[in-house]
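Visitor: Here it is: the structure, laid out below.
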Amino acid sequence: MIAMKQMVAVSAIALAAATGIARAEEPLNAEVIHWWTSGGESAAIAVFADAFNAAGGKWVDNAVAGGSAARSAAINRIIGGDPSTAALFNTSRQYHEIIGEGLLNDIDAVASKNDWDKVLPAPIANAVKVDGKYYAAPVNIHMPLWIWYSVAALDKAGIDKPPETMEQFLADLDKLKAAGIIPLALGGQRWQENSLFSAVLTNVGGAKLWTSVYGDKDEAAIRSPEFRKVIETFVSLKPYVDQASQGRNWNDATALLIKDEAGFQVMGDWAKGEFKQANKEIGKDYGCIPGLRPDAPYVLGGDVFVFPKTDDAEQVKAQHLLVEIMTDPDVQVKFNNLKGSIPIRSDVDVSSLDACAQLGMKIMSDPARQVPDASQMMEEFVYGSVQDIVTELWNTPMTVDQAIDRFEKALKG
Amino acid sequence: MGAEFTRHVRRNLVAYIALLPMAAVVIFAYLGTMAWSVRLSFSSSKLLPRNDFVGFAQYVTLFDTSRWLTSLGNLAVIAFFFLLICFVLGCLLAIFIDQNVRAESLFRTVFLYPYAMSFVVAGLIWQWILNPDLGIQATMRGFGFSGFVLDWVVNPRMVLYAVILATVWHGSGLVMALILAGLRGIDGEIWRATRIDGIPAWRVYLSIVLPMLRPMIITSLVLLSISIVKMYDVVVAMTNGGPGTASEVPAKFIMDNLFERANIGLATAASTVMLITVLLVMAPVIYSQYFRKSGRAA
Amino acid sequence: MMPQAKPAAAAKRPLTYQEVWGRAGIYAFLGVLALFFLLPLYVMLVTSFKSMDEIRLGLIFSLPQQFTVDAWVKAWTSACTGLECTGLRVGFGNSVKILLPSVVFSILLGALNGYALSFWKVKGANVLFACLLLGSFIPYQVFIYPLVRVYAQTGIYGSLPGIVLTHVIFGMPVMTLLFRNYYSGLPVELFKAARIDGAGFWKIFIAIILPMSVPIAIVAVIMQVTAIWNDFLLGLVFAGRENLPMTVQLNNIVNTTTGERAYNVNMAATVLTSLVPLAVYLLSGRWFVRGIASGAVKG
């Protein structure tokens, strides 16, 4: 039946195209390459697609599973001279070089109309603004280093309130272990190990160490006792992870919290989607901790869409319409609620966001606590080497001194 | 000399024309690409190719990168065991199947079907079977063997053998098919003669039959080597290089740097190193096998 | 193909005690290994017929208690890739569209190359062939950027001709190798006689050589169908959005990064994706060995 309808629709379009009837009001086609293929992600991007279609466009969805596969597909299309209308990237330096080569259209027209200089948090604006022009439309802010906990697991271990300092956190891990619960749910994959390390760095070292090591790549900071303490703390977490963590997907690690088999997990705010799908409630079944110190930095990661160079006026029009729609306040709230992230602009109605997102919005209103994600402060290959060090540090008996030397080499190049 | 050459060309002109597509592919697709990537390995290219010249800087960085060195070491281990086990297992299977067994075609199909599956499937499914929480270990523990351990995919010291297991499962059927085909082509007289002399069967296989199958053996080793040098999908599907960097391989290093890490200069340096290694190892084999005695064509 | 006289089976006399044990040993060896080889297929099949409730129990080797084909239906018709929930159907059609011309062209070209290399005198041809063979060892990834550039300039980037040409290029080394070695084993007298009769390059190729190439062509078909059907990377890069092969869709379905993994759908999708090469192997397995035996890979 559905196939029948589709056939009718297709032949109607074909007929219209052949006879030129629809010519006058042909919708703005926009092909969008992205990697949001899972249930929650699909629902989120459908918000964009629906809004775009409602505004008279025609969204052509091109999903490629896996971030790097999707990005290289987009870049190959750009190099091949057959670019999509828009492509998804992370809020990072991934797309800075193609801007330098003049392969992206800027979206300054839309940005200045909507006053992005004012509404965007500084780290996000910096990431999408190159040589004074906006080249990418940020669509969300992910804080990748939330600490999640299972209320029941903490109860069982006799922990009456969630930790507020690193010391409390470490003590709680011991209590969980004593109670026979997996203290720390981790998936042994490079990026997850790296998230854990980043969380230790921000919570032990604070915003200053984070930006001086990863941002300024300051040798003194890398060799400082504070950074040494970060590495030592990270290594000391090894015994709190279960044997089977290796290769585990992040959502399977979150599932351990959902089943109350594990106490804590360091994971981005997208983990909320898993809890929600399992009908768990914030505060009752699980909780979120933004940091383990009062001034814990709020790391701003996220996703952006870029718009490959084209002179086709229709395509440029489609690109601008996409930007308008993706950053529209209402669409932002709806999209981010499904994606688990928080809106990119401060001028939205936060009342419909969940408690964790509202907490995030509140922390983010303090510019002193906003710090850029590591991927925004260094080139991808540098960040890649850093992640290699972290994963080796976690999986081999590397000494702290060796680690420091390698950090220095990787960061200083 | 010149006139003779002209006559030679004229007589074989159509053959020259017929080989033009191959020449074009070799020159543009293979040699051209190789030259291009060697060129880029001397540049500072990151996300997009650049035309500058930085000397051997990328190579210095490359051999200073512990992940690359690990990858090379891993490839050596995997290649050695993969080729050895595939070869021994493939030969044994072929010899046993060749003993007039019943249901021969069934056995043959069973041993060969993995080769029809993609490496991705091989990696995924073995990852699942070897996963301690789901697979064999969990099942054995479920039966009451609580001390049973089979943690290859999560154990940094054993993970390479998990990869080898999956690739052997995938590739040994090919060796079996090639060797079996070779055995079928061997003159039955040999068996009669050796039986009269009272030579045990295993010695006949080892010292008479296998040497006769040299072309089959070389071809199967060449085909297996091609797949092992390019090995990427199976590792990604199975371990994604982990735990840590314990199962990283060169092709994955190249791929990651080419795309995920936007480091074309380093990636092309790595692929140049691989190319030279392959040249050094394979050129003598290819030469001796396919050219040395090709008297007729040359 | 008549079975040759073999040590264990030569005589019709009753088997000795030792020989009985020998036979038992042979079957035990083959049986145990057959189980090892079948284990993954078994796991894939039983998992694909289970419901997710049953899979959560974590017994991956047990038979499905409630046999259901839901996962298969879902994988084929409604599994989602991003916003499109069309299952593997579309990709299947695309893969067939890519497969047929790629296999035909790569085999014809391989046969032509092999024929020209082994029967005709072309200076430098062996050097070309050596380069081709060495080229087959380079990871595909290295070729992608330059090929994308060249394809873009010729306007075949992201199109069916583009992906077919790519498969022809990357299939050329092994195809040429197969046919060259097979033709080297053919009696050269045939060729010489035809030459004396005045037959030219194409006439000999079409009238004499091609008809004799059936055994090796079967081997070539099997190898190319497997390689092209299972390809993921080249299809993703060169086929274009309209022609993405089934393996790309499989990857999209299997590698979703969030939500509960629908293992049953994944397994069904995996088996579905493997069906074409599997069918080719099952139907022509005997020809594979026979084709190779006929001299395909002799040096």
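Visitor: Answer yes or no: is there a residue in segment B:269-285 that is away from chain A (no Cβ under 14 Å), small (Gly, Ala, Ser), open to solvent by 10 Å² or more (accessible area, probe 1.4 Å) and in a helix (DSSP H, G or I).
Guide: The answer is yes; a qualifying residue exists.
Visitor: Quick check on segment A:248-261. Is at least one of its residues within 24 Å of residue A:377 (Cα to Cα) and open to solvent by less than 40 Å² (accessible area, probe 1.4 Å)?
Guide: There is no residue in segment A:248-261 that is within 24 Å of residue A:377 (Cα to Cα) and open to solvent by less than 40 Å² (accessible area, probe 1.4 Å).
Visitor: Considering only segment B:13-46, how many residues are over 22 Å from residue C:175 (Cβ atoms) and within 11 Å of chain C (Cβ to nearest Cβ)?
Guide: Matching residues across segment B:13-46 total 9.
Visitor: Quick one: in segment A:375-413, of everything that is in a helix (DSSP H, G or I) and touching a Pro at 6+ places or on another chain (Cβ under 9 Å), which residue is farthest from the other protein chains (Cβ to nearest Cβ)?
Guide: The extreme case among them is A:376.
Visitor: Next up: Limited to segment A:41-79, what total is found for residues that are among the small types (Gly, Ala, Ser), surrounded by fewer than 21 Cβ atoms within 10 Å (Cβ to Cβ) and either touching a Ser or Thr at 6+ places or on another chain (Cβ under 7 Å) or not in a helix (DSSP H, G or I) (or both)?
Guide: 4
Visitor: Further question: Hey, can you tell me all the residues within segment A:249-265 that are under 24 Å from residue B:159 (Cα atoms) and in contact with a helix residue (DSSP H, G or I) (Cβ under 8 Å, 6 or more places away or on another chain)?
Guide: Those that are under 24 Å from residue B:159 (Cα atoms) and in contact with a helix residue (DSSP H, G or I) (Cβ under 8 Å, 6 or more places away or on another chain): A:250, A:251, A:253.
Visitor: Cβ-Cβ under 6 Å, sequence separation 6+ or interchain: first residue in segment A:223-251 and more than 11 Å from chain B (Cβ to nearest Cβ), partner at pLDDT below 90. Which pairs?
Guide: So the pair list comes out as A:251/A:274; A:251/C:258.
To keep it simple, each residue is scored yes or no on (1) within 14 Å of chain A (Cβ to nearest Cβ); (2) in contact (Cβ under 8 Å) with a residue 12 or more places away in the chain; (3) open to solvent by less than 40 Å² (accessible area, probe 1.4 Å); (4) touching an Asp or Glu at 6+ places or on another chain (Cβ under 6 Å).
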| site | (1), (2), (3), (4) |
| --- | --- |
| B:198 | no, no, no, no |
| B:205 | no, yes, yes, no |
| B:212 | no, yes, no, no |
| B:219 | no, yes, yes, no |
| B:235 | yes, yes, yes, no |
| B:240 | yes, no, no, no |
| B:243 | yes, yes, yes, no |
| B:252 | yes, yes, yes, no |
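Visitor: While we're here: Of all residues in segment B:212-245, which are assigned to a loop (DSSP other than H, G, I, E, B) and over 18 Å from residue C:223 (Cα atoms)?
Guide: Once the filter is applied, which keeps residues that are assigned to a loop (DSSP other than H, G, I, E, B) and over 18 Å from residue C:223 (Cα atoms), segment B:212-245 yields B:213, B:232, B:239, B:240, B:241, B:242, B:243, B:244, B:245.
Residues are listed down the side, and each one gets a yes or a no for (1) modelled with pLDDT of 95 or more; (2) over 30 Å from residue A:84 (Cβ atoms); (3) open to solvent by 10 Å² or more (accessible area, probe 1.4 Å):
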{"site": "A:319", "(1), (2), (3)": "yes, no, no"}
{"site": "A:337", "(1), (2), (3)": "no, no, yes"}
{"site": "A:363", "(1), (2), (3)": "no, yes, yes"}
{"site": "A:381", "(1), (2), (3)": "no, no, yes"}
{"site": "A:413", "(1), (2), (3)": "no, yes, yes"}
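Visitor: Also, I was wondering about something else. Can you tell me which residues in segment A:184-239 are assigned to a helix (DSSP H, G or I) and of a type in the set (D, E, K, R)?
Guide: A:190, A:193, A:208, A:219, A:226, A:228, A:229, A:232, A:238
Visitor: Still on this structure, please answer the following. Out of segment C:264-286, which residues are open to solvent by 20 Å² or more (accessible area, probe 1.4 Å), farther than 15 Å from residue C:247 by Cα, more than 8 Å from chain B (Cβ to nearest Cβ) and modelled with pLDDT of 85 or more?
Guide: Within segment C:264-286, just C:279 meets the criteria.
Visitor: So, in segment B:38-86, exactly how many residues are of a type in the set (Phe, Trp, Tyr) and open to solvent by 50 Å² or more (accessible area, probe 1.4 Å)?
Guide: Residues in segment B:38-86 being of a type in the set (Phe, Trp, Tyr) and open to solvent by 50 Å² or more (accessible area, probe 1.4 Å): 5 in total.
Visitor: Among the numbered criteria (1) more than 10 Å from every other protein chain (Cβ to nearest Cβ); (2) open to solvent by less than 20 Å² (accessible area, probe 1.4 Å), which one does residue C:198 miss?
Guide: (2)
Visitor: Still on this model: For segment A:152-172, state whether one or more residues are modelled with pLDDT of 95 or more and within 23 Å of residue A:388 (Cβ to Cβ).
Guide: no
Visitor: Restricting to segment A:80-111, and then to whatever is more than 10 Å from every other protein chain (Cβ to nearest Cβ) and open to solvent by 30 Å² or more (accessible area, probe 1.4 Å), can you tell me which residue is nearest to the chain's Cα centre (by Cα)?
Guide: Out of the qualifying residues, it is A:90.
Visitor: Looking only at segment B:182-189, decide whether some residue is assigned to a loop (DSSP other than H, G, I, E, B), β-branched (Val, Ile, Thr) and within 14 Å of chain A (Cβ to nearest Cβ).
Guide: No, the conditions are met nowhere in segment B:182-189.
Visitor: Let me ask something else about it. Take residues that are under 30 Å from residue A:179 (Cβ atoms) and tell me which of the helices (runs of 4 or more DSSP H) falling wholly in segment A:99-169 contain 3 or more.
Guide: A:151-156
Visitor: Another question about this same structure. When only residues in segment C:99-137 that are hydroxyl-bearing (Ser, Thr, Tyr) and within 27 Å of residue C:238 (Cβ to Cβ) count, which is farthest from the other protein chains (Cβ to nearest Cβ)?
Guide: It comes out as C:102.
Visitor: Being under 30 Å from residue C:144 (Cα atoms) and either open to solvent by less than 10 Å² (accessible area, probe 1.4 Å) or of a type outside the set (D, E, K, R) (or both) is the filter here; which residues of segment A:29-40 pass it?
Guide: Once the filter is applied, which keeps residues that are under 30 Å from residue C:144 (Cα atoms) and either open to solvent by less than 10 Å² (accessible area, probe 1.4 Å) or of a type outside the set (D, E, K, R) (or both), segment A:29-40 yields A:29, A:30, A:32, A:33, A:34, A:35, A:36, A:37, A:38.
Each row is one residue, and each column tells you yes or no for (1) within 30 Å of residue A:115 (Cβ to Cβ); (2) open to solvent by 30 Å² or more (accessible area, probe 1.4 Å).
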position: A:134; (1), (2): yes, no
position: A:137; (1), (2): yes, no
position: A:141; (1), (2): yes, no
position: A:157; (1), (2): no, no
position: A:162; (1), (2): no, yes
position: A:170; (1), (2): no, yes
position: A:180; (1), (2): no, yes
position: A:187; (1), (2): no, no
position: A:192; (1), (2): no, no
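Visitor: Additional query: Please verify whether residue B:67 is farther than 24 Å from residue B:236 by Cβ and either modelled with pLDDT under 90 or away from chain C (no Cβ under 12 Å) (or both), treating the condition exactly as stated.
Guide: It is false that residue B:67 is farther than 24 Å from residue B:236 by Cβ and either modelled with pLDDT under 90 or away from chain C (no Cβ under 12 Å) (or both).
Visitor: Within segment C:191-213, is there a residue that is free of Cβ contacts under 8 Å to residues at least 60 places away in the same chain and within 30 Å of residue B:227 (Cβ to Cβ)?
Guide: yes
The values are calculated or read from the model by the stated rules, or taken from the named source; none is laboratory data. Keep in mind that what you see is a predicted model, and the values were worked out from it rather than measured. A quick note on method: Cβ atoms are made from the backbone with ideal geometry, for glycine too, and the neighbour counts reach across all protein chains shown. For the accessible areas, the whole protein counts, side chains as well, though only heavy atoms, and no ligand, DNA or RNA atoms are used. Shrake-Rupley method; radii C 1.70, N 1.55, O 1.52, S 1.80 Å.
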